[in-house]
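Peer 1: Dropping the structure in here first, questions after.
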Amino acid sequence: MTSAGSDDNGAGEAWSPRRAPSLEDFQAMADAAYAGLPDEFRALCEGLIIHIDDFPDDETMREMKCESEFDLLGLFHGRGLAQRGANMQTGEFPNMIWLYRRPILDYWAEHDERLGDIVTHVLVHEIGHHFGFSDDDMEAIEAAAK
């Protein structure tokens, strides 16, 4: 048995100076995940903006019928090229994805998955569901990104 604060293999010491990933850290993970997706998939979301927040805002929570601020890991807002054609309409906002840091961290803490894989999964699913991709399609896209 080890005493509090000590660890036989030093793993506790490796984690003790670490902090939870910041909004900026999440932005870097999301940008890297997006860059690693297949070109054909990214082409569907030309000009996509990825935005990181700690939690969804109150309006989003109402619209999505969330019971808790931890219910939503991410959200896609916009229209893909297939829906809008080649041209954006005047005044139309670019496609955006919100990733919610705190719910993603909460999910990560409860599952045996790497944080970067969760960020990639949420990103792919938010884009994919918007375009009507099946779960099998999205699994293939995630596999191609690895």
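The values are calculated or read from the model by the stated rules, or taken from the named source; none is laboratory data. Given the structure is predicted, the values throughout are model-derived calculations rather than measurements. No Cβ is skipped: glycine too gets one built from the backbone with ideal geometry, and neighbour counts run over all protein chains shown.
Peer 1: Which count do you get for residues in the range 118-146 that are in contact (Cβ under 8 Å) with a residue 12 or more places away in the chain and surrounded by 15 or more Cβ atoms within 10 Å (Cβ to Cβ)?
Peer 2: So the answer is 17.
Peer 1: I'm checking my understanding of the structure. Among residues of the range 9-59 that are charged (D, E, K, R), modelled with pLDDT of 90 or more and part of a helix (DSSP H, G or I), which one is nearest to residue 97 (Cα to Cα)?
Peer 2: Selected residue: 31.
Peer 1: A further question follows. Would you mind stating whether residue 83 is outside any loop (DSSP other than H, G, I, E, B), at pLDDT 95 or above and surrounded by fewer than 19 Cβ atoms within 10 Å (Cβ to Cβ)?
Peer 2: Values: outside any loop (DSSP other than H, G, I, E, B): yes; at pLDDT 95 or above: no; surrounded by fewer than 19 Cβ atoms within 10 Å (Cβ to Cβ): yes.
The answer is no for residue 83.
Peer 1: I would also like to ask the following. State whether one or more residues within the range 46-67 are touching a Phe, Trp or Tyr at 6+ places or on another chain (Cβ under 9 Å) and touching a residue at least 60 places away in the same chain (Cβ under 8 Å).
Peer 2: Yes; the residues of the range 46-67 include at least one that is touching a Phe, Trp or Tyr at 6+ places or on another chain (Cβ under 9 Å) and touching a residue at least 60 places away in the same chain (Cβ under 8 Å).
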